[in-house]
Amino acid sequence: MADELTSADVRKVARLARLAVSEADAERYRVELAAVLGYIERLREVDVSGVEPMAHVAGETNRLRADEPGPTLANEVLMGMAPASEGAFVKVPKVLGDGGGA
Amino acid sequence: MSGVGEIARAVAAKEASAESGVRAALDAIGARDGELNAFLQVFDEHAIEQANILDARLAAGEDVGPLAGVPIAVKDNICTREGRTTCASRMLEGYRSPYDATAVTRLERAGAVIVGKTNLDEFAMGSSCEHSAFGPTRNPHDTGRVPGGSSGGSAAAVAAGMVPAALGSDTGGSVRQPASLCGVVGLKPTYGRVSRYGLVAFASSLDQIGVLAGTVADAAAVLEVIAGRDERDLTSVTRDDADFAGEIGRGAAGLTFGVPAIARHPSVHPETARVFAEMVEKVRAAGARVVEIELPHAEHGVAAYYIVAPAEASSNLARFDGVRYGRRADIGAGGTLDELYTRSRSEGFGHEVQRRIMLGTHVLSSGYHDAYYVNALRVRRRIKEDFDGVFASGVDAVLTPTCPSPAFRIGEKAGDPLALYLEDLFTVGANLAGVPAVSVPAGMAHVEGRELPVGVQLVGRAFGERALLGAASVVEGVV
């Protein structure tokens, strides 16, 4: 799969990840990603038939905590972190009509 | 700089003030950090204020805790209300956290004083500290070389005697590898041992906060304070097995070290191989058993890691969108939300971070998900089972070099991501399996007329830090 990585693949992945990649960058990323993907191919040597995938090592599953009110961060503190705001709202470009696409 | 235990004892006994210890740290930082760039921020005034508060409490007869007056540095991907938390990224250049990480809160409650935030590879992605948006950190043993990474600033700060201990984070070796390259102790605890609340997430199933310190005992003293369950990180646990220093100073008798074949991997530098072989002989001579063991999937760790970690990173770093916090691109009037996301992310993230996000997005994308990601998770289970088998056979710690070679020159591996990823050959296994591991200085390599530190890594049983640090003290004792 690594051999087949094209700059179109890189642009597609960049698009999915919401990253802007220039033509020159796309070629650099293609070469670097192909090298890493080529190395990763060695995992195919491992016989993993019948092995359950392990996404996480912790044996514990979901824990519930008591639903009790506790201290929270103040609204103005959190709003103060937003790079653009208006009144009580975080400001973003228009998302409906022709402003969307995200 | 004195050690953690020495400072805390002297301050608690009022033989020295907290202020004098903090001033000594600030002076050492001032004297050498222009050259090393270990710190992104130094909390001069705040640290002195905190020390003065401690001294006043001590004068009033209070017990201020087991780390009384100990100056500690914190990696800048761990949130502090004081100063900024940048992750060495343009994305968070001006970010001020509204809360402290649990590990930071616990350090301060134990009497420690945070003196500043240390440099790292951006978002902890790298093994050299060269991928910081704010310039590389330099290795105190040779300023033309890297300190390792990603906790390179913390390792350099301890190695240069600026602080006796520092917090780092370790996702694939980011505490142990810089510890090895800088000649200090680096401990990655068991997954779940330390709360990750306030650690900026990189790969959540692998991330763990760790400690860099001058000695094994000092690392244990810091772990004692930061370990334990926290309701704000539901993966954190408390076990009734604290007293992490309890076996430090034990003899070598009765210890079994296992050396896997991968310890003699062809990529290991001849000087690293020599230091490792000499250390093995010394622990054997001291009375420990050293046996050959099998870790059949160790060679596949790096490949599995470079699927799992970028996959999780691509998801975790999706939160940086230019809307709620962090960098927001100026897209002018009429720009779309999509342009805002894309431009903010491209301007905010450096090349290495963008590459890892793309790698992670690729291995998770439709058509590749099973072949890459799910397959890597199966290999991950094999790797964990390998460790389980070794420990079940009576091995107390798995012994390898911490990394394949001593510190390399700044720029030497730039443009070759794969070469840099192979730095993680010995370290990723402990993260994939969730077990604790520690790097201990083992000797010096002679490279191009320089003396460069070489560390050995000990990997132990899950939640077996007390035994692991006991074994590490045996290595420390024979070197």
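Here are the numbers for the structure shown:
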read-out	value
Set A:Ala55, A:Ala26, A:Ala82: member being within 7 Å of another protein chain (Cβ to nearest Cβ), of a type in the set (Gly, Ala, Ser), closer than 25 Å to B:Ala318 by Cβ and touching a helix residue (DSSP H, G or I) at 6+ places or on another chain (Cβ under 8 Å)	A:Ala55
Where A:Leu5 falls short, out of the listed (1) in contact (Cβ under 8 Å) with a residue 12 or more places away in the chain; (2) loosely packed, with under 12 Cβ neighbours inside 10 Å; (3) not polar (S, T, N, Q)	(2)
Test: B:Ser205 is over 14 Å from the mean Cα position of the chain (by Cα), modelled with pLDDT of 95 or more and within 22 Å of B:Lys117 (Cα to Cα)	no
Pair list, Cβ under 7 Å, 6 or more apart: the range B:415-438 residue within 11 Å of another protein chain (Cβ to nearest Cβ) and within 29 Å of A:Arg28 (Cβ to Cβ), other residue polar (S, T, N, Q) and part of a loop (DSSP other than H, G, I, E, B)	B:Leu420/B:Ser127; B:Leu420/B:Ser128; B:Leu422/B:Ser267; B:Asn431/B:Thr171
Test set (1) part of a loop (DSSP other than H, G, I, E, B); (2) among the hydrophobic types (A, V, I, L, M, F, W, C); (3) over 19 Å from B:Val390 (Cα atoms) - B:Val275 fails condition number	(1)
Pairs, first more than 7 Å from chain A (Cβ to nearest Cβ) and buried (at least 20 other Cβ atoms within 10 Å of the Cβ) in the range B:322-346, second among the acidic types (Asp, Glu) and assigned to a loop (DSSP other than H, G, I, E, B), C-beta under 8 Å, six or more apart	B:Arg327/B:Glu93; B:Ser344/B:Asp321
Checking B:Ala252 against (1) farther than 24 Å from B:Ala392 by Cβ; (2) touching a residue at least 24 places away in the same chain (Cβ under 8 Å); (3) more than 23 Å from the chain's Cα centre (by Cα), the condition it does not meet	(1)
The range B:289-321 - residue that is surrounded by fewer than 22 Cβ atoms within 10 Å (Cβ to Cβ) and polar (S, T, N, Q) and, of those, farthest from the other protein chains (Cβ to nearest Cβ)	B:Asn316
The lone exception for B:Tyr373 - which of (1) under 27 Å from the mean Cα position of the chain (by Cα); (2) more than 7 Å from chain A (Cβ to nearest Cβ); (3) within 15 Å of A:Val21 (Cβ to Cβ) it fails	(3)
Matching option when the condition is within 14 Å of chain A (Cβ to nearest Cβ) and either more than 30 Å from A:Pro71 (Cβ to Cβ) or modelled with pLDDT under 95 (or both), among B:Arg96, B:Arg84, B:Arg90, B:Arg145	B:Arg90
Residue list for the range B:83-126, restricted to those being of a type in the set (S, T, N, Q) and touching a Ser or Thr at 6+ places or on another chain (Cβ under 7 Å)	B:Thr85, B:Ser97, B:Thr102, B:Thr118, B:Asn119
Selection count where residues are closer than 23 Å to B:Val194 by Cβ and more than 8 Å from chain B (Cβ to nearest Cβ), scope the range A:63-77	3
Selection within the range B:388-416 - more than 21 Å from the chain's Cα centre (by Cα) and more than 30 Å from B:Thr137 (Cα to Cα)	B:Asp388, B:Gly389, B:Val390, B:Phe391, B:Ala392, B:Ser393, B:Gly394, B:Val395, B:Asp396
Selected residue [farther than 30 Å from B:Leu337 by Cα, facing chain B (nearest Cβ under 7 Å) and of a type outside the set (Asp, Glu)] from A:Leu19, A:Leu33, A:Leu43, A:Leu37	A:Leu43
Filter pass, B:Arg356 being touching a helix residue (DSSP H, G or I) at 6+ places or on another chain (Cβ under 9 Å), more than 9 Å from chain A (Cβ to nearest Cβ) and either crowded, with 17+ Cβ neighbours inside 10 Å or in a helix (DSSP H, G or I) (or both)	yes
Hits in the range B:220-247 (condition: in contact with a strand residue (DSSP E or B) (Cβ under 7 Å, 6 or more places away or on another chain) and outside any loop (DSSP other than H, G, I, E, B))	B:Val222, B:Leu223, B:Ile226, B:Ala227
Per-region count, the range A:27-74, residues crowded, with 18+ Cβ neighbours inside 10 Å, in contact with a Ser or Thr (Cβ under 8 Å, 6 or more places away or on another chain) and assigned to a helix (DSSP H, G or I)	1
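To keep it simple, each residue is scored yes or no on (1) among the charged types (D, E, K, R); (2) within 29 Å of the chain's Cα centre (by Cα).
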{"residue": "B:Tyr325", "(1), (2)": "no, yes"}
{"residue": "B:Leu337", "(1), (2)": "no, no"}
{"residue": "B:Tyr341", "(1), (2)": "no, no"}
{"residue": "B:Ser344", "(1), (2)": "no, yes"}
{"residue": "B:Gly348", "(1), (2)": "no, yes"}
{"residue": "B:Glu352", "(1), (2)": "yes, yes"}
{"residue": "B:Arg356", "(1), (2)": "yes, yes"}
{"residue": "B:Val363", "(1), (2)": "no, yes"}
{"residue": "B:His369", "(1), (2)": "no, no"}
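A quick yes/no check of all residues on (1) within 14 Å of another protein chain (Cβ to nearest Cβ); (2) more than 30 Å from A:Gly70 (Cβ to Cβ):
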site	(1), (2)
B:Ser195	yes, no
B:Ala217	no, yes
B:Ala227	no, no
B:Ala245	no, yes
B:Arg264	no, yes
B:Phe276	no, yes
B:Val283	no, yes
B:Ala286	no, yes
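The values are calculated or read from the model by the stated rules, or taken from the named source; none is laboratory data. Given the structure is predicted, the values throughout are model-derived calculations rather than measurements. Backbone-built Cβ (ideal geometry, glycine too); neighbour counts: all protein chains shown.
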